[in-house]
Amino acid sequence: MRTGDTNQPAELGTFQSTAWDKTGFGAVYSEHVSAIYYLALRMLGNPDQAEDATHDIFLRAFRNYGEFRGESAVRTWLYRIAINHCRNLLKSWRSRTMVTESDPAFWERAATVPDTPFRILEMKELGQQIQRALDMLPEEYRLLLLLVADEKLSYEEVADLTGQTTDAVRGKLHRARKAFAAAFASTH
Amino acid sequence: MEENSQSPKTTRGTRQEQRLRQEETAAQKTDAIEFQTAEELIRHDAKSTSPPEGLEKRVKESVEREAASKRRWWHRFLGR
């Protein structure tokens, strides 16, 4: 899965090409930046912070690129770095207010939301509406929905990234969908 | 008198407003997009969200700086 396998010569100094091209890291960046930026954006809820975080995530990935053994897909490896980075940032900020499982009224309402499709009339502020809904969810549900939304990840990979079994992912996904629907409805 | 002379205008205005509202509603009905699940909705949002333009340049510069400092280390190590 790894793109390019020529990072050693570049590190030792092949003078004509840049490390970006020579190591194949530029191609890795191009292929995965949209997914990583989107995860950071919706995890952190702020475009500037998401940009900084994406920069730091890829720089950290480059530092460890030589040690990447290809045991997992590059995307999963990048997601792991991104999740850890965003979690650390959120932990250090502690400034955002989120509704958690301790809010019983919210979760009672969430459980009763029928499984109806989301009908979107106004696309202009959809991103902000989704952000507000995701912000209301516990981090576990938010992350689960964001990862499952990426069609390139299998349930096994999502389970691996979130440290649980695939059965647990499926069960929690059902609850996460209900919670998101309730949260999304409340943003109207 | 004044009231009577304005009446047809008001009626026509009201009809036009009604027609516009009906057209808007019809357009909204046509333009509405349905998403079956939360993931579908999020996937659509992800596809329409692009990373900032200057980000690639920033990451590339940092990567090149990082690689250059590694090269300097290797050169010192090899005595070149």
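Derivation of every value follows stated rules applied to the coordinates shown; laboratory data play no part. This structure is a prediction, so every number in the text was calculated from the model and none was measured. For neighbour counting, all protein chains shown are included, and Cβ atoms are generated from backbone atoms with ideal geometry for every residue, glycine included.
Some notes on this structure:
- Förster-model FRET efficiency, 25 Å R0, B:Gln36 and A:Ser30, C-beta, rounded to 0.05: 0.25
- Per residue of peptide A:115-124, the mean number of Cβ atoms on other chains within 10 Å of the residue Cβ is 5.
- Shielding of peptide A:160-172 by partners, expressed as the average count of other chain Cβ atoms within 10 Å per residue Cβ, is 0.
- Remark: spin-label model distance A:Glu125-A:Lys152 equals 3.3 nm, labels positioned 7 Å along the Cα→Cβ axis.
- Peptide-level mean, for A:28-37, of C-beta atoms on other protein chains within 10 Å: 3
- Over 26 Å between alpha carbons, listed pairs A:Lys152/A:Lys172; A:Lys152/A:Lys178; A:Lys91/A:Lys124: A:Lys91/A:Lys124
- Sorted largest first, the principal axis extents computed over the alpha-carbon atoms of the stretch A:51-91 equal 29, 15, 13 Å.
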